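Undergrad: Sharing a structure with you now.
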């Protein structure tokens with residue numbers, strides 16, 4: 001039997017192998033969505049990723065017969081560990097051939113690295129921070145994912161079970177048709193909510209609102225409030241908020257972003273962010289913006305979008321949850337989806353235990369095409 005050799009990623013050449021292994025392993029797979037190469041480089045660059053200011057990281061490659069056969073990242077998010085009073089080492093960006101000796105060697109490397117730094121448990125797949133893709137696909141292997149999710153082969157969960165991993169949390173994704181008309185009950189709830197709590201709809205007016213008027217900071221501040229009770233979440237720092245505001249908000253079609261404000265205080269109490277699905281464009285790009293990847297992405301975002309819309313996130317201020325405020329977001333967004341010609345919408349992963357988050361879709365008869373899991377094991 002050939003020996004499995006684990007090597008730390010320590011050079012640009014190693015990092016290139018780490019990123020490109022995923023492309024090679026999933027080449028020709030109709031459901032996998034390749035990450036953009038430069039996005040991956042930036043993710044692991046302390047100068048580009050504010051999450052690395054409070055996180056420790058080590059990437060590993062597995063070799064067999066001189067060939068790369070697996071990869072994994074080991075991360076310690078010190079903010080998350082402090083928030084939840086745990087000593088977890090996370091693993092993420094894990095890929096491997098269907099060889100349990102390979103997956104075991106990768107997980108052993110993460111385990112040992114974490115133990116050397118005083119960690120007592122290992123969990124994943126998770127990202128460096130909560131804004132990274134998380135959760136191993138356990139159902140829906142024959143479904144196309146969304147931009148912000150992980151695809152993996154069906155043998156991956158079997159390898160986790162074989163290693164002794166146990167379920168820590170599951171996420172579900174929901175898919176639903178864009179209705180021809182807003183359901184009457186949904187419409188009534190939104191109208192009553194608007195009046196009862198003295199709220200109004202706010203649409204962003206370009207970069208002036210995002211930057212000069214401070215709505216970028218308001219949005220991510222609200223996300224911190226709304227998501228704080230959720231599994232493993234640690235509050236975004238000011239540097240992270242600046243990074244995400246600069247990187248992501250300007251690229252959005254602001255018609256597809258809706259805020260709800262308090263009429264008296266101007267406080268943002270809810271936000272819904274969506275965008276056209278670009279997964280087909282990402283597949284055509286193959287991880288590269290040049291020479292033609294940029295064209296496929298720009299076409300999908302601006303000129304000729306796909307039939308689907310991705311519901312990136314919904315956040316509601318805690319004191320306004322379960323009061324119908326979510327309905328205001330989609331009472332505004334659904335007519336926009338209709339005008340833009342979208343046929344269906346799909347959520348990003350939501351914790352199966354997040355009943356509040358799931359309840360907002362009850363009027364749209366959603367299906368659950370995919371489920372994913374975070375595993376854990378003591379070390």
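Undergrad: Hey, could you pull the Cα Rg and Dmax for region 4-171, both in Å?
TA: 15.0, 43
Undergrad: Could you work out the relative contact order of region 136-252? I mean the mean sequence separation of Cα pairs under 8 Å and 6+ apart, divided by the number of residues, in percent.
TA: Worked out over region 136-252, it gives 16 percent.
Undergrad: Quick one: angle between helix 238-247 and the longest Cα principal axis of the chain, in degrees between 0 and 90, rounded to 10, please.
TA: Relative to the chain, helix 238-247 is tipped by roughly 80 degrees.
Undergrad: Name the residue, out of 98, 180, 130, whose mean-square fluctuation peaks in a Gaussian network model built on the chain with Cα pairs under 10 Å.
TA: 180
Undergrad: What shape does region 169-235 have by the C-alpha gyration tensor, where a ≥ b ≥ c are the square roots of the eigenvalues, rounded means a/c under 1.5, and otherwise prolate means a/b greater than b/c and oblate the rest?
TA: Verdict is oblate for region 169-235.
Undergrad: Let me ask you something else. Using only alpha carbon pairs under 8 Å that are at least six residues apart, calculate the relative contact order of region 238-379 and give it in whole percent.
TA: Once divided by the residue count of region 238-379, the mean separation gives 22 percent.
Undergrad: Can you sort 95, 108, 132, 212 so the residue with the fewest Cβ neighbours within 10 Å comes first?
TA: Going from least to most buried by this count: 212, 108, 132, 95.
Undergrad: Rounded, prolate or oblate, given the Cα gyration tensor of region 91-161, with a/c below 1.5 counting as rounded?
TA: oblate
Undergrad: From the square roots a ≥ b ≥ c of the eigenvalues of the alpha-carbon gyration tensor of the chain, which class results: rounded (a/c under 1.5), prolate (a/b over b/c), or oblate?
TA: Prolate, because a/c is 1.5 or more and a/b exceeds b/c.
Undergrad: Something else now. Taking neighbour counts of Cβ atoms within 10 Å as a proxy for exposure, in what order, fewest first, do 111, 203 appear?
TA: Lowest count first: 203, 111.
Undergrad: Compute the helix-to-body angle for 184-196: its Cα long axis versus the longest principal axis of the chain, expressed 0 to 90° and rounded to tens.
TA: With rounding to tens, the tilt is 80 degrees.
Undergrad: How big is region 179-342 in terms of Cα radius of gyration and Dmax, in angstroms?
TA: 16.9, 53
Undergrad: Give me the angle, in degrees from 0 to 90, between the Cα long axis of helix 325-340 and the longest principal axis of the Cα atoms of the chain, rounded to the nearest 10.
TA: With rounding to tens, the tilt is 90 degrees.
Undergrad: A follow-up question, please. Percent relative contact order of region 4-171, based on C-alpha pairs within less than 8 angstrom and at least six residues apart?
TA: 21 percent
Each reported figure results from applying straightforward, stated rules to the coordinates on display, with no laboratory input. A quick note: this is a predicted structure, and the numbers were derived from the prediction, not measured. Using ideal geometry, Cβ is built from the backbone for each residue, glycine included, and neighbour counts are taken over all protein chains shown.
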